[in-house]
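Participant: Please read through the structure below; I'll follow up with questions.
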Amino acid sequence: MTKKFRFGVIGCGLMGREFASAAARWLHLADTRARPEIVAVCDTNAALLDWFKDNVPSVRQFTSDYKELLANPDVDAVYCAVPHVLHQQFYIDILKAGKHLLGEKPFGMDAAQNREIMAVLSENPKLLVRCSSEMPFFPGAQKVIALAESGEMGDILEVEAGFLHSSDIDRQKPINWKRMAEINGDYGCMGDLGMHVLHVPLRLGWRPQTLHAQLVKKITERPDGKGGMVPCTTWDNATISTRVSAGGQDFPMVLKTWRIAPGEANTWYIRILGMKKSAFFTTKSPRQWQWMDYTGGAQAWSTEDLGYGSLFPAITGKIFEFGFADAIQQMWAAFVDELAGGNANGFACATPEEAQAHHAVLTAALKSGRENIVVPVDYEGAVVR
């Protein structure tokens with residue numbers, strides 16, 4: 001019989017409902033060790049709680065007080081999707097309550113808050129704790145990762161990774177908490193998108209040693225939804241040029257977290273250029289990946305249509321396409337597999353140590369962008385795996 005883990009969801013907005021959708025169609029996955037069951041939800045918005053009442057019959061506890069959810073002995077693990085300013089207190093309370101945790105990025109509003117979370121985590125080593133980052137679970141991304149891990153690419157010339165949105169180009173878009181530094185944090189776009197961009201490089205051991213960041217703030221105020229205008233205090237775009245020294249190699253790596261990227265709806269990509277092999281994947285072409293082999297003579301990129309070849313097998317036929325909702329479910333499958341004692345089929349969700357390292361990068365980028373200087377990245381206290 002498939003093992004069941006009972007989940008509580010704190011924060012029932014977009015991503016909380018995405019998890020509910022992934023859990024509801026768990027039968028889509030084939031031969032899993034375990035499955036999630038959502039038994040408790042928490043949000044201060046009653047309409048969101050009503051959505052769970054209408055759509056998720058397994059939920060037995062509805063509350064606006066997250067501490068009531070944490071006191072529920074029927075909850076084994078928690079998915080917490082709340083604004084960045086709440087990460088420190090909520091994550092610490094979840095860990096102290098003895099619950100496994102899948103938290104949202106950036107895993108603390110800043111490096112200081114992240115250190116506090118990591119300190120409590122060190123006191124609870126038996127808990128499984130991971131950070132949400134779903135894009136590397138696309139089949140094309142897995143192909144790029146596997147090629148990079150193979151050692152066949154030769155000397156790395158450059159790596160570029162990015163996450164690009166375009167909706168903020170609209171100056172009339174009403175403000176939300178992600179545009180308020182007091183709630184989102186001083187990282188701005190980097191805090192919300194940086195873990196996505198750094199997940200794969202950090203997993204491959206590519207930790208920036210120095211960097212120079214160009215931070216862009218084009219929109220300084222936005223509509224408040226009540227007829228007025230209010231300050232927009234976060235960075236819109238960040239382009240971080242870094243230097244990586246790893247595995248006997250030294251190469252540049254460019255990281256882009258852009259909320260104003262004209263024409264880009266929601267694009268994640270990674271490009272690795274090597275002397276022997278190169279590879280590229282973008283979610284704009286979700287069923288394809290590209291690579292190039294160079295052995296002398298002509299240089300030509302090859303493109304392969306992958307179809308539905310997921311990390312965790314599913315009932316969907318190989319000829320069909322893979323999408324964002326599938327990536328979300330694959331990420332959750334990795335987390336639940338680890339809860340059941342598995343190895344996430346070889347690719348775990350982002351770890352707390354990776355989240356801590358990404359804070360070191362973003363902290364350096366913030367200093368660099370403000371002062372227009374090259375900054376060394378200080379990983380003091382960050383665990384190297």
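The values are calculated or read from the model by the stated rules, or taken from the named source; none is laboratory data. Note that the structure is predicted; figures quoted are calculated from it, not measured. Glycine also receives a Cβ, built like all others from the backbone with ideal geometry; neighbour counts cover every protein chain displayed. Areas reflect the complete protein model, heavy atoms only, side chains present, ligands, DNA and RNA absent. Shrake-Rupley method; radii C 1.70, N 1.55, O 1.52, S 1.80 Å.
Participant: What's the long-distance tail for the range 3-131, i.e. % of Cα pairs beyond 21 Å?
Facilitator: Roughly 37 percent, rounded to a whole number.
Participant: Could you name the lysines in cross-link range of Lys256, using Cα to Cα under 30 Å and dropping any fewer than eight places away on the same chain?
Facilitator: Answer for Lys256, where 30 Å is the Cα cut-off: Lys105, Lys143, Lys173, Lys178, Lys217, Lys218, Lys276, Lys277, Lys284, Lys367, listed by chain and number.
Participant: For the range 213-318, what is the largest minus smallest coordinate of the Cα atoms on each principal axis, given in angstrom and ordered from greatest to least?
Facilitator: 60, 43, 27
Participant: Continuing with this model, one more query. May I ask for the distance between the Cα centers of the range 102-167 and the range 252-311, given as a whole number of Å?
Facilitator: Here the two parts' Cα centres lie 18 Å apart.
Participant: Oh, and also: Arrange the peptides 126-133, 301-308, 194-201, 63-70 so that the one whose residues have, on average, the most other Cβ atoms within 10 Å appears first.
Facilitator: So the order, starting with the most tightly packed, is 194-201, 126-133, 63-70, 301-308.
Participant: Continuing with the same structure: Where both residues lie in the chain, what percent of DSSP beta bridges are antiparallel, nearest 5?
Facilitator: 60 percent
Participant: Order the following by accessible area, largest value first: Trp26, Trp235, Trp51. Probe radius 1.4 Å; ligands, DNA and RNA are ignored.
Facilitator: Trp51, Trp235, Trp26
Participant: Same structure again: Return the lysines within reach of Lys53: Cα separation strictly under 22 angstrom, same-chain partners fewer than 8 residues apart disregarded; answer none if there are no such residues.
Facilitator: Lys4, Lys67
Participant: Which of the listed residues, Ala355, Pro313, Pro231, is farthest toward the dipole's positive end in the range 228-385, when Lys, Arg count +1 and Asp, Glu count -1 at the beta-carbon?
Facilitator: Pro231
Participant: Could you order peptides 280-289, 30-39 by the average number of other Cβ atoms within 10 Å of their residues, highest first?
Facilitator: 280-289, 30-39
Participant: Follow-up question, since we're still on this one. Could you give the DSSP H helices of the chain that reach 20 angstrom or more along their long axis (alpha carbon positions) and whose average Kyte-Doolittle hydropathy is no lower than 0.0?
Facilitator: Taking the DSSP H segments of the chain (at least 20 Å long, mean hydropathy at least 0.0), we get 189-203, 324-339.
Participant: Suppose accessible area is computed on protein heavy atoms with a 1.4 Å probe; arrange Asp378, Asp50, Asp76 from highest to lowest.
Facilitator: Final ranking, largest accessible area leading: Asp378, Asp50, Asp76.
Participant: Now, a different point. Which one is right for this structure if Cα extents along the principal axes in Å is calculated from it: (1) 65, 53, 42; (2) 59, 58, 48; (3) 59, 57, 52?
Facilitator: Label of the calculated value: (1).
Participant: With a Cα-only, solvent-free Debye model of the range 70-226, what are the log10 I(q)/I(0) values at q = 0.19, 0.21 Å⁻¹?
Facilitator: Values, matching the q order: -1.27, -1.35.
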